[in-house]
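Only one structure is covered here, and it is reproduced in the block below.
The values are calculated or read from the model by the stated rules, or taken from the named source; none is laboratory data. Note that the structure is a prediction, hence the values are computed from the model and not measured. Counting neighbours? That spans all protein chains shown, and the Cβs are built from the backbone with ideal geometry, glycine included.
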Amino acid sequence: MDKQEIINKIKDFPYSRDEYWVITGSAMVLYGIREQTHDIDMGCTTAMADQLVADGYSYQLTESGNRKFNYGDDIEIFENLKCGSIEYIEGIPVLSLDGLIEMKQELGREKDFRDIALIKEFCRGRELDIE
């Protein structure tokens, strides 16, 4: 899924943009750090998670006790998964670059460390101060 495909799916997403934010690989695509991702990952507020339940979406509990929803075939939504502030790209709420680094450090997988290096390289190329 490329940037335009992500934007199109988010524009069709029926929930309030005040209640969710794009995270991980899909956020990296929106920033222009990566060209593609296989799905869209989002964080959401407890209020939105409650609305998803009310709308009939089932969920699994994460290790932290929060809910994880599958919305269609290619959107995963994680309750209260947020590190840092939110920025807007073409009107879409996206976790900040600092937040992405923090989240990926906490996830700690090999692919996350590769992504952190890509984010830092992207920031250096734009003279952004990301540690």
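Quick look at the numbers
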| item | result |
| --- | --- |
| Residue in segment 78-99 that is in contact (Cβ under 8 Å) with a residue 24 or more places away in the chain and over 18 Å from ASP18 (Cα atoms) present | yes |
| Filter pass, SER58 being loosely packed, with under 13 Cβ neighbours inside 10 Å, in contact with a helix residue (DSSP H, G or I) (Cβ under 7 Å, 6 or more places away or on another chain) and modelled with pLDDT of 90 or more | no |
| Positions within segment 22-66 being in a helix (DSSP H, G or I), over 11 Å from LEU100 (Cβ atoms) and in contact with a Ser or Thr (Cβ under 8 Å, 6 or more places away or on another chain), in sequence order | VAL29, MET48 |
| Residue that is nearest to GLU35 (Cα to Cα) [pool: residues in segment 77-116 that are of a type in the set (Gly, Ala, Ser) and loosely packed, with under 11 Cβ neighbours inside 10 Å] | GLY91 |
| Every residue from segment 11-31 that is at pLDDT 95 or above and either of a type in the set (Val, Ile, Thr) or within 25 Å of ARG124 (Cα to Cα) (or both) | TRP21, VAL22, ILE23, SER26, ALA27, MET28, VAL29, LEU30, TYR31 |
| When residues of segment 1-49 are limited to those that are β-branched (Val, Ile, Thr) and crowded, with 21+ Cβ neighbours inside 10 Å, the one nearest to LYS111 (Cα to Cα) | THR24 |
